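These notes concern the structure reproduced below.
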Amino acid sequence: MTQTTQAIEKVQAVARYADLLRAVRGAFAGGRKRAEQAVEQEKVRTSWEIGKLIDEHILLNKKRAVYGEQVIKRLSRDLRISHTELKYMLEFAHTYPIGPPAGQLSWADHRELLAVNDDKERKSLAAQAEKERWQRERLRKEVRKITRNEGITKDLSFPISRLSAQPGKIGTYRIIRAKAGPFAGELAVDLGFSNYYKPKGKFPFQDRDLISIANGESKADKNVAESDLFTYKAYVFHVIDGDTFTAVIDLGFGFVTAQTLRLRGLDAPEIVSADGGEAKKALEKRIMKNSSPVLIRTTKSDKYDRYLVDVFQGGNYVNQELLAKGFATGVE
């Protein structure tokens, strides 16, 4: 039975409104599923194509020592794609020199399978994963079982994507001299996110002083450093995708701001893909627990004017945790 025949039969079976509503919902769900699969397959094809382009370029310049590593580092910098991701793409093209494998497995699945050196073993595992619709954790477990028990692994020699960050101290601020607005030319407290505050009364601070709040009072503090700045409690109310969320942030001094924030140093799959949905759920699980605030430390904003943040929850560094578990890839 063709898809067209199936669609005609569905259209003929909607005499009652309840049948129509159910059928329309089913059509939406089916459309989303097909869109997700199309996105995943395009990513597999694109990854193979990029790997093939890199491979052919390196072969044309093979007389130049260590050129391959140099060109990957340069591409990583210019494209803002992690060095590790580009090396996976190159290895993918090496593993499948004729073209990307057919099937419904995602790019993340194929990345896991690259660790299996034996072609028959890898293809068999891929077929089983697709037939039984394994989650990535199950596939990763089976891949590790093969590589551990049989020693059949490919030494990819990839650098481990790893982030490093520490939170600063909540209630630490820098004194600045305002350049515009109602405080132009006057000293004020830089609250972050382009917000400034000028306390009433005596203001015994100098430009660039670092201050902290203790018992409701602000004071110059020699025990804090630049690294302690821009650390806040944030109350997450919406996760957009696997690396972006919105939150209300407590700036101190009775001020709050609502911001859309991007996790620093990583890139999650597109939300329209199955991997993107999985990454979003992973982020929600980590930063929306019982409406408890998370600790964030902000850095510069990205090209979309979203502030980049490191997030800490319950003593765990969320950015690195998502990266380590494969829910996102690193970016330079």
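The values are calculated or read from the model by the stated rules, or taken from the named source; none is laboratory data. As the structure is a computational prediction, the values presented were derived from the model and not from experiment. As a convention, Cβ positions derive from the backbone with ideal geometry for all residues, glycine included, and neighbour counts pool all protein chains shown.
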Could you identify the single residue in VAL309, VAL256, VAL224, VAL272 that is closer than 28 Å to LEU187 by Cβ and in a loop (DSSP other than H, G, I, E, B)? VAL224
Quick one: count up the residues across segment 98-121 that are in a loop (DSSP other than H, G, I, E, B) and free of Cβ contacts under 8 Å to residues at least 12 places away in the same chain. 2
Does GLY68 satisfy being out of contact with any Phe, Trp or Tyr (no Cβ under 9 Å at 6 or more places or on another chain), outside any helix (DSSP H, G or I) and surrounded by 13 or more Cβ atoms within 10 Å (Cβ to Cβ)? no
With ALA102, ALA108, ALA115 as the choices, which residue is closer than 20 Å to TRP48 by Cα and surrounded by fewer than 12 Cβ atoms within 10 Å (Cβ to Cβ)? ALA102
Filter result for GLU321 (buried (at least 19 other Cβ atoms within 10 Å of the Cβ), within 30 Å of GLN41 (Cβ to Cβ) and of a type in the set (Asp, Glu)): no
Can you run down the residue pairs with Cβ atoms below 6 Å, 6 or more apart or on separate chains, where the first is in segment 317-331 and farther than 14 Å from ALA165 by Cβ and the partner is modelled with pLDDT under 80? THR329/SER82; VAL331/ARG80; VAL331/SER82
